[in-house]
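In what follows, a single structure is set out as structure tokens and then discussed.
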Amino acid sequence: NTALVWFRRDLRLADNPALSAALAAHECIVPVYVHAPHEEAPWSPGGASRWWLHHSLNSLDRDLRARGSALHVQDGDSLAKLRDLVVATGARAVYWNRVYEPAAIARDVDIKQALRDVGIDAKSFNAALLCEPWEIATASNGPYRVFTPYWRNLRARLQPHPPLPAPKRIPTASAATSTIDALGLLPRIRWDAGFDAAWQPGEAGAEAALQRFLDEAIGDYASARDVPSLAGTSRLSPHLHFGEIAPMRIAWELEQARCGGKESFLRELGWREFSHHLLFHFPHSAERNLNPAFDAYPWAPAAPRQVRRWQRGRTGIPIVDAGMRELWATGWMHNRVRMLVASFLTKNLRQHWLVGARWFWDTLVDADLANNTQGWQWTAGTGADAAPYFRIFNPVTQSERFDPDGAYVRRWVPELSAIDARSIHRPWTDPATLRRCGYPMPMIDLAASRGAALAGYDAVRHKN
Ligand code: FAD
């Protein structure tokens, strides 16, 4: 009496409803991971995500082996590989936890039907969200487009419950397996040198990150979360994306903790839920403006050389360059700085938000279709509950406000480290020093480009 447990974006043993349900109903299970990036196209995992996945799969495999099991790794079409394993092991059921992206939903619906057609029981569970995207609706039974009422609704019904424990032993049927190394997830040119020092992918790493945050940072979260030089946020985003920890588990820990900062942190998990809600109800938004009024926006012509300077952190605007270099070096960027670099690309350079979303997709270890789409559309002004079109971040005043002593800029743009705290946010005011530092002049006039963006948004208003 065997069942397959198909791991996907739930790379953990504790608090895993599909795994627990399979173990409760079957004597023996086969944990399986099918590598099928083509099934996630056009958003197949980028380079930084593949790095994370490699390490997270290894961590899961180690944890399974410690319980008498092992991860069966396959490479190919999910349905074909699951079918082969069903035949090879005599399994009667397949269990998995849901993924809420458009391509994954379409695939999973087909797979569920195909398995049931041949008499195999197929069961799916929620392991990734506080609430299913279809469970929260407006008074007129539609999806929300504005965060605050969405969050009020979700918050009122949220009842954190204790996590399911990790199973002590996992009786497993053996079957042929490939190796994680054979999936070739690590980059051939090792640009990931800084990742090892910054991250511990896997369930134990997620646990350590949560404990560090609860011990050291949650009390000051409401104020420190906006200061990019501090470790004031949880850095749980890649762990949450790969399902190494459940948001419900975090909500439960918050409920037990006695400290400030809880509501404000829970609200950020609410943004994650809201992003998933939006992508589920507006699946076109991963590719196109969520708000169609912006289809008329006059983006500037594609400017690959300008985009390259942005990607490399050579724009001449220190806070923007610091963020882009932090991203390249560690696979992560602070949220406040994500907003600033995205605003600079979409509003000052007037490049389409998808140009930035694709770069983030390849370079973020937490690249997540729902959060990335929503983050870019919100900043560009094209999304739901977006920043008003006329609010164009001024990266200089933002830098002065959130990095007052220049510590963040100094860390990531070391050429500027000798410049005093007052000038570091606008070093071009002293061109001679700037030349000595080897740092470029700003690639664009911030005030003039802001005016051009506003004129573009005016054109959208008049056309609609
Ligand atoms: P914390 O402040 O500790 O927050 C806890 C968790 O809440 C995060 O791990 C994340 O899961 C969730 N969260 C926090 N802020 C947001 C938010 N604004 N929207 C949605 N969820 C949020 N987040 C991703 O996980 N993946 C992405 O690909 C991604 N792309 C982004 C692109 C842009 C242009 C912008 C502006 C934001 C993006 N974000 C993305 C949201 C946010 O920047 C990150 O979730 C956050 O910086 C992760 O750091 P943390 O775990 O320390 O956050």
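Bear in mind that the values in this text are calculations on the coordinates, not laboratory data. Remember, predicted model here, so these are calculated numbers, not experimental data. A quick note on method: Cβ atoms are made from the backbone with ideal geometry, for glycine too, and the neighbour counts reach across all protein chains shown.
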Among the residues of region 65-75, count how many are surrounded by fewer than 19 Cβ atoms within 10 Å (Cβ to Cβ) and either out of contact with any His (no Cβ under 8 Å at 6 or more places or on another chain) or polar (S, T, N, Q) (or both). 5
All positions within region 404-420 that are in a loop (DSSP other than H, G, I, E, B), touching a residue at least 12 places away in the same chain (Cβ under 8 Å) and over 18 Å from P431 (Cβ atoms): P404, D405, G406
Yes or no: R258 touching a helix residue (DSSP H, G or I) at 6+ places or on another chain (Cβ under 8 Å), more than 11 Å from the ligand (Cβ to nearest atom) and without any contact (Cβ under 8 Å) to a residue 12 or more places away in the chain? no
Identify, by number, the condition in (1) touching a Ser or Thr at 6+ places or on another chain (Cβ under 7 Å); (2) within 28 Å of A128 (Cβ to Cβ); (3) away from the ligand (no atom under 11 Å from the Cβ) that I319 doesn't meet. (2)
Given the criteria farther than 27 Å from W412 by Cα, of a type in the set (G, A, S), more than 8 Å from the ligand (Cβ to nearest atom) and part of a helix (DSSP H, G or I), does S264 qualify? yes
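Let's see how each residue does on (1) out of contact with any His (no Cβ under 7 Å at 6 or more places or on another chain); (2) among the small types (G, A, S); (3) within 9 Å of the ligand (Cβ to nearest atom):
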residue: M339; (1), (2), (3): yes, no, yes
residue: A342; (1), (2), (3): yes, yes, yes
residue: V355; (1), (2), (3): yes, no, no
residue: W376; (1), (2), (3): yes, no, yes
Show me the helices (runs of 4 or more DSSP H) entirely contained within region 180-235 in which 1 or more residues are away from the ligand (no atom under 16 Å from the Cβ) and surrounded by 13 or more Cβ atoms within 10 Å (Cβ to Cβ). 203-212
Report the residue count in region 264-286 for those that are of a type in the set (D, E) and farther than 15 Å from A246 by Cα. 0
Test: A329 is surrounded by fewer than 22 Cβ atoms within 10 Å (Cβ to Cβ), farther than 22 Å from P42 by Cα, more than 14 Å from the ligand (Cβ to nearest atom) and small (G, A, S): yes
So which residues in region 236-250 are within 11 Å of the ligand (Cβ to nearest atom) and in a loop (DSSP other than H, G, I, E, B), if there are any at all? L236, F242, I245
One residue is enough: does region 98-109 have a residue meeting the conditions farther than 30 Å from S285 by Cα and touching a Ser or Thr at 6+ places or on another chain (Cβ under 8 Å)? no
Pairs under 6 Å by beta carbon, first residue closer than 12 Å to T373 by Cβ in region 262-289, partner near the ligand (Cβ under 9 Å from one of its atoms) and not polar (S, T, N, Q), six or more apart or different chains? S275/A370; H276/A370; L279/A370; A286/L369
Mind listing just one residue for me: the one in region 362-374 that is farther than 16 Å from P283 by Cα and assigned to a loop (DSSP other than H, G, I, E, B) and, of those, farthest from the ligand (Cβ to nearest atom)? V365
Any residue at all in region 390-401 that's of a type in the set (V, I, T), under 23 Å from P442 (Cβ atoms), crowded, with 21+ Cβ neighbours inside 10 Å and near the ligand (Cβ under 8 Å from one of its atoms)? no
So L290, is it farther than 24 Å from S234 by Cβ and either near the ligand (Cβ under 9 Å from one of its atoms) or not in a helix (DSSP H, G or I) (or both): yes
With (1) farther than 17 Å from F125 by Cβ; (2) touching a residue at least 40 places away in the same chain (Cβ under 8 Å) as the list, and Y100 as the residue in question, which single condition is left unmet? (1)
